[in-house]
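Have a look at the structure below before the remarks.
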Amino acid sequence: MSATLAKGDFQSDQETRWCPGCGDYAVLAAVQQFMPELGIPPERIVFITGIGCAGRFAYYMDTYGMHGIHGRAPALATGLATARDDLSIWVVTGDGDALSIGGNHLIHALRRNVPVRILLFNNQIYGLTKGQASPTSELGKITKSTPFGVSDHPFNPIALALGAEASFVARTIDRDRHHLTEVLRAAARHEGAALVEIYQNCPVFNDGAFGALTDKGARDANQIRLRAGEPIRFGAENERGVIRGDGGCLEIVEVAEPDDAGAARSGEAGRRAAGRTVSEDALLVHDPARADPGLAFSLAKLAETPTGPTPIGIFRDVARPVYRQTGATEPASEAQLIELLGAGATWEVG
Amino acid sequence: MRKAVEERERVIIRFAGDSGDGMQLTGSRFTDATAVVGNDLATLPNFPAEIRAPAGTLAGVSAFQIQFASRDILTPGDHPDVLVAMNPAALKANRAELHPGATIIVNEDAFTKRNLEKAGYAADPLSDGSLERFRVHRIPMSTMTSAAVEEIDGVSTRDAGRAKNLFALGVISWLYGRPTDVSKRWIERRFARDPAVAQANLAAFNAGWSFGETTELLDVQYRVKPATDVPPGRYRNVNGTTALSLGLIAASVRSGLPLVLASYPITPASELLHELSKHAAIGVSTIQAEDEIAAAGMALGASFGGKLGVTATSGPGMDLKAETIGLAVMLELPLIVVDVQRAGPSTGMPTKTEQSDLLMALHGRHGESPLPVIAPTTAGDCFDAAFEAARVAIRYRTPVILLSDTFLASSSEPWLIPDVADLPAIDPAFAVAPGTDSHSSAAETSDPFQPYSRDEKLARPWAVPGTPGLAHRIGGLEKAHGTGNISYDGANHQRMTELRAAKVAAVGDEVPPLTVDIEPDPARPTDLLVLGWGSTEGAIRAGVRLAREAGHKVACAQLRNLNPLPANTGDVLRSFERVLVPELNCGQLASILRARYLVDIESFTKVQGQPLFAVEVAEQIEARQSRRTDAADVPASLDGERRPPA
C-alpha cells in the first residue's frame, strides 16, 4: 500500500482556513508531501493538536486526528502513545500553546522521551486571539497586550527543549521546503520524542519576524546551517564560522581560506589569533549525537533572537530509552481475574 | 485462673496511638482475625495528614476503628465501646467520643510527665479522677514487651519498643477470643527476612495474650458469635480502594480493553494509583502524570486509542480536570473519572471525608456538558459501581464520574467475592472498516465514515486509529451532526447540545428504580422517608434501624445513580409526607431534588470531616416524629443553628 501513497492521500476534504499568506500553508503542504515517504498507511498516523492557528492542522490531514485543548496535546499524545505503540503520532502546536499554557506538558513529554514528533510552529505572537504577546515575543515588542512593549524575557524553544533533556531537537523554517522536509525526515526516523521548532511567519500580526532568515539578501548571511560532521560555516560567501572561544563560549569569527596567507594560523594558534579570523580547521565541527547537550545549548544561545546569524537544523539527536507502556497489551484472562478477586485471606460463609 | 465469659452482640473497638505506634497494623490484624471468626464487621482508619507529626502530640494521633457483630452491621460504629490508647495524646484525642461506661485500655508506661505535657494534660488523667465514668485498665505495655523480647538475640531496644502494638493486639485478641494463628502466621510472613524481629513480635503478641489470660485486671472475656444473617459464599475483606480497583480490572477483562490509569499523586486518591500499578502483568498500564490536567488528558488519549482510560483524583484535582472532562463530553469518548471526595474547599482537610463534590460532578464544567454520575454506597459496592461506570462509559461513549469518598476508600467490610461468570460482557463495539464484518450500526452503512452518526442509544461510533477506511478528525469545536466536521451553525449547535443531553438521559433507562426500605409492618403507615446518596447508606440504614427499635415509623432509600436519577425518584419523593436528606455537605442533593421535583426536602447536613453517624440519623428521625407540627423547629445542622436560607 505504501508504494501507492501520494500527497493527495493525506489531504482531507476540509477547506483550509488560515489567513492568506500564512506560513501554516507551507508547513501543511510540506508535511502532506513528506508523509508518503514514511511508508505508513494514513490510518496508522495520528495528528494531535492544541489550540491556536496551528491547532487546525489536524482537520486538514486525512489521517486520524484529535484537535485537543489548549496546551494539552502532548498529554493526549502521551496517553495515546502509551496505549498504542503501533501508531506514528505527531503533535502540532504553537508558541503560546506549547510554551505558555502547555509548558508543563511539553517538558514532561520531552523528558519522558515519549515516541511523538512535536512540530512547534513559532510565530512569536498569539494569532488566533488576534495579536497578543507570546512567550517567544522579543523584549520591547509592541502588541495589543503590551502597548508599552514586552517586558518579560522570551523563551528560546531550542534551549528549553535541551534543558528538558529532549533527545531530538531541531529548528527549521516554513518557507524552506527542502530544509523543512529534511528535518521532518530526521525527526520521523528518531526513536523517542522529537521537538521541531518551525519559524512560521504570521503575515497579519507579526509579519517579517524571521525576515533575517528568509528574505533574499539577508538569509544567506544569517542562516547557520548545522550539518552533522561538518565545520559550522555560514555567510553569503561562506566566509564566517563558529568557534569555541575563550571561556568556552561560542563566537562567530571570520574564516580565512588556506591560501589567505598571514590572515590566520591554524589550530590553537589560530584560535588565539588577536583578530577574529581563523582557518577552517579551527572551526567547531557539528555533532548532534554528542551525549553532552552543552554544546547544543550554546548553539541555541548563539542567537537570542532570530534577527541575525541563527543556527537551523538538528541541534541534538541522541538515543535514550523510549517511554513505553508499563502494562501488558492484553487484559487479564478470566482465570487471572478469578484469582485476583479471591486473593488474600478469604473465608466461607454458610 | 478461670474467667467469666460474656456474650456481646456487637462491639466497637478503637485502637489509637502515635503515628509511629503501628495502630493501623494492629487494627488490620485484628480485622483479619475477626473476619475468620465469621463476625460481620466494618472498619475505619483515621490518620493525621502530617506524615511525621511530632511524636506524642495530638496532631500525631492515628486511629483505627472496627465494629464487629453477630448480626449484619452497616457502619464502623459511632462511639467506641473500647478505646486502646497507647499514649496520653491518643487518650485525649478520642476521649470525647466515649460514652460513660466505655472501657479504656492504656499503655501506662507512656503516661510520663513529658508525654502528658506534649498532649496538653496539666494533670495525669489516670490519677486525677477525670476518667471515673469509664472502666480504665492500666497496662505497662512497654515494660512487659521489653521483658518478653529481651532474651531474643539480635533484637535492638528500638525493635523491642516497636513491638508493643503487637502486645496490645495480643491483649485485645484474648479479650475477644480471636484466633491467634491468623496473626502469628502474618507476623512470620511479614518479617520472614528478619527472623529476630519476627521472633520479637511473636513474643510480644504471645505476652499480650498471656497477660490477658492471667491478669486479674481483666476479669471477663467477651464472645461475639459468628454472624448468621449474611448471604452464603466466599468472602474477603476489602476497602473501597481495593474494591474500586478490582471493579475497573473486571471491566477491563469483560470488555477486552486494557486499562490505562493516569493519575497525579493526591490524598486520598493516590491509593488507587498504588493499587492498580501492581497489576502491570494483567493489562493495567499506569502513568504518573506531571499534573492533574495531564492525567486526564492521558486517560482520554488512551481512550481515543481504544483502551479503557481512567483518571483518579481528589479535592482540587477535580477542578483541574474539568477542562478535559468537557473535551471528553464533546469528543464523546469513554472516560472514567474517579473522584475520591475529601473535605474542601481548596486543600481543605485532605485526609477527612466529605460529599461536597456532587454539584461539581454534575455541573462543574463550562457550557452544557451533562455526564453520568455514579456514587458507590459501600466499600464493597465500589466494585460494582466501578464496573458499571466502565460499562456506561463504553456503551454510551461518554465520560462518567465515579463519586467515591475518603470514608469509602479507607473503610473496609467483608465482601462476597463475585462470580466472574455473572459479570456482564461489555462490548466495545468498535467501528470496523467498510466491507468487513461489522456489528457497528453506524459505521457500516455510511460512506464516507460519519463519526457523529448515532445508534439507538444515541452513542456515536468508536473508530480507533489503525482502522482502515475510518480515518477521521475529532476535536473540541462543535461538530456537525453526522459528519463531525467543524460547525458554527446555530441550529446544529442546538441539536448537538440536545443530542448529548438526550444520550446521557437515556442512560436512565438502565438505572434501576429507587427501592425504598419501608416500615416492615404495613399496618403502620410511614410518612417520613430518609433519603441519602453514596457512602452514607450504612449510617442511614443503621440510624433507621435504631429509630424503628425505638418505635418510630420511618422508611429509607439510597441514591447511587446521581445522573441520571432513577426514573421513579419523583414518585418516591411525592409518596411521603416528609423527606429528610442527610448528606455530608451543605445540602447539595437537597437543592437538586427541590429544583427537579418541587418537593420540600428537609436537609440535615454535616461537614466535620467525619462520616455520618447512625445516632445522628436516629436523632433527626426522632426530632421529626415527636414534633411533627413545625419543621422549622428541627435543627438544620448539628450545632443546632439554623443556616441562612439558600
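The values are calculated or read from the model by the stated rules, or taken from the named source; none is laboratory data. Keep in mind that this is a model prediction, so the values were computed, not measured. In this analysis, Cβ positions are derived from the backbone assuming ideal geometry, glycine residues included, and neighbour counts consider all displayed protein chains.
Summary table below
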| item | result |
| --- | --- |
| Pair list, Cβ < 7 Å and 6+ apart or interchain, from the range A:327-350 residues that are facing another protein chain (nearest Cβ under 7 Å) and without any contact (Cβ under 8 Å) to a residue 40 or more places away in the chain to residues that are among the β-branched types (Val, Ile, Thr) and part of a loop (DSSP other than H, G, I, E, B) | A:LEU341/B:ILE417; A:GLY342/B:ILE417; A:THR346/B:ILE417; A:VAL349/B:VAL230 |
| Test for B:LYS321: is it at the interface with chain A (Cβ under 8 Å from one of its Cβ atoms) and buried (at least 24 other Cβ atoms within 10 Å of the Cβ) | no |
| Those residues of the range B:100-139 which are assigned to a loop (DSSP other than H, G, I, E, B), of a type outside the set (Ser, Thr, Tyr) and more than 23 Å from B:ILE172 (Cα to Cα), in sequence order | B:GLY120, B:ALA122, B:ALA123, B:ASP124, B:ASP128, B:GLY129 |
| Top-ranked residue in the range B:151-181 [being crowded, with 17+ Cβ neighbours inside 10 Å, of a type in the set (Val, Ile, Thr) and more than 30 Å from the chain's Cα centre (by Cα); ranked as nearest to B:GLU216 (Cα to Cα)] | B:ILE152 |
| Qualifying residue in the range A:84-102 (condition: closer than 23 Å to B:ALA296 by Cα and without any contact (Cβ under 8 Å) to a residue 12 or more places away in the chain) | yes |
| Top-ranked residue of the range A:200-234 - restricted to ones that are in contact (Cβ under 8 Å) with a residue 40 or more places away in the chain and among the small types (Gly, Ala, Ser), ranked as surrounded by the most Cβ atoms within 10 Å (Cβ to Cβ) | A:ALA209 |
| Residue identified as part of a helix (DSSP H, G or I) and among the β-branched types (Val, Ile, Thr) among A:ILE338, A:ILE312 | A:ILE338 |
| Search result, residues across the range B:27-66 that are outside any helix (DSSP H, G or I), within 14 Å of chain A (Cβ to nearest Cβ) and modelled with pLDDT under 90 | B:GLY38 |
| Top-ranked residue of the range B:453-462 - restricted to ones that are touching a Phe, Trp or Tyr at 6+ places or on another chain (Cβ under 7 Å) and surrounded by 19 or more Cβ atoms within 10 Å (Cβ to Cβ), ranked as farthest from the other protein chains (Cβ to nearest Cβ) | B:ALA459 |
| Search result, residues across the range B:390-420 that are farther than 30 Å from B:ASP78 by Cα and in contact with a Gly (Cβ under 8 Å, 6 or more places away or on another chain) | B:ALA390 |
| Identity of the residue in the range B:566-583, touching a strand residue (DSSP E or B) at 6+ places or on another chain (Cβ under 7 Å) and of a type in the set (A, V, I, L, M, F, W, C), that ends up nearest to B:VAL516 (Cα to Cα) | B:VAL572 |
| Any hit, the range A:170-183, residues being in a helix (DSSP H, G or I) and crowded, with 21+ Cβ neighbours inside 10 Å | yes |
| Only listed residue being assigned to a loop (DSSP other than H, G, I, E, B), hydrophobic (A, V, I, L, M, F, W, C), at pLDDT below 95 and closer than 28 Å to B:GLY305 by Cβ, chosen from A:ALA332, A:ALA343, A:ALA319 | A:ALA332 |
| Total residues in the range A:140-153, condition closer than 20 Å to A:GLY94 by Cβ and either out of contact with any Ser or Thr (no Cβ under 7 Å at 6 or more places or on another chain) or of a type in the set (D, E, K, R) (or both) | 6 |
| Any chance A:PRO74 is crowded, with 19+ Cβ neighbours inside 10 Å, under 27 Å from B:LEU320 (Cβ atoms) and more than 10 Å from chain B (Cβ to nearest Cβ) | no |
| Within the range A:290-326, tally of residues that are within 14 Å of another protein chain (Cβ to nearest Cβ) and not aromatic (Phe, Trp, Tyr) | 3 |
| Enumerated helices (runs of 4 or more DSSP H) restricted to the range B:232-318, each holding at least 1 residues that are at the interface with another protein chain (Cβ under 9 Å from one of its Cβ atoms) and free of Cβ contacts under 8 Å to residues at least 24 places away in the same chain | B:292-304 |
| Subset of the range B:371-420 [acidic (Asp, Glu) and modelled with pLDDT of 95 or more] | B:ASP381, B:ASP384, B:GLU388, B:ASP405, B:ASP419 |
| Flag if A:ARG17 is more than 20 Å from the chain's Cα centre (by Cα) and modelled with pLDDT under 95 | yes |
| Residues of the range A:77-98 that turn out to be within 27 Å of A:ASP13 (Cβ to Cβ), surrounded by fewer than 24 Cβ atoms within 10 Å (Cβ to Cβ) and more than 9 Å from every other protein chain (Cβ to nearest Cβ), as a count | 1 |
| Given (1) in contact with a Lys or Arg (Cβ under 7 Å, 6 or more places away or on another chain); (2) under 19 Å from B:GLU108 (Cα atoms); (3) not acidic (Asp, Glu), index of the condition B:GLY170 fails | (1) |
| Number of the exception - B:ASN492 against (1) in a loop (DSSP other than H, G, I, E, B); (2) under 24 Å from A:MET61 (Cβ atoms) | (1) |
| Number of positions in the range B:283-320 that are more than 25 Å from the chain's Cα centre (by Cα) and either more than 12 Å from A:ALA83 (Cα to Cα) or assigned by TED's automatic domain parsing to the domain that holds B:ALA471 (or both) | 3 |
| Selection from the range B:2-49 of residues that are acidic (Asp, Glu), over 23 Å from B:LYS164 (Cβ atoms) and surrounded by 20 or more Cβ atoms within 10 Å (Cβ to Cβ) | B:ASP40 |
| Verdict on A:ARG56 being closer than 26 Å to B:VAL329 by Cβ and within 13 Å of chain B (Cβ to nearest Cβ) | yes |
| Matching option when the condition is in a strand (DSSP E or B), away from chain A (no Cβ under 14 Å) and buried (at least 17 other Cβ atoms within 10 Å of the Cβ), among B:GLY532, B:GLY538, B:GLY543 | B:GLY532 |
| Options B:VAL224, B:VAL197; residue that is more than 14 Å from every other protein chain (Cβ to nearest Cβ), within 15 Å of B:ALA33 (Cα to Cα) and of a type in the set (Val, Ile, Thr) | B:VAL224 |
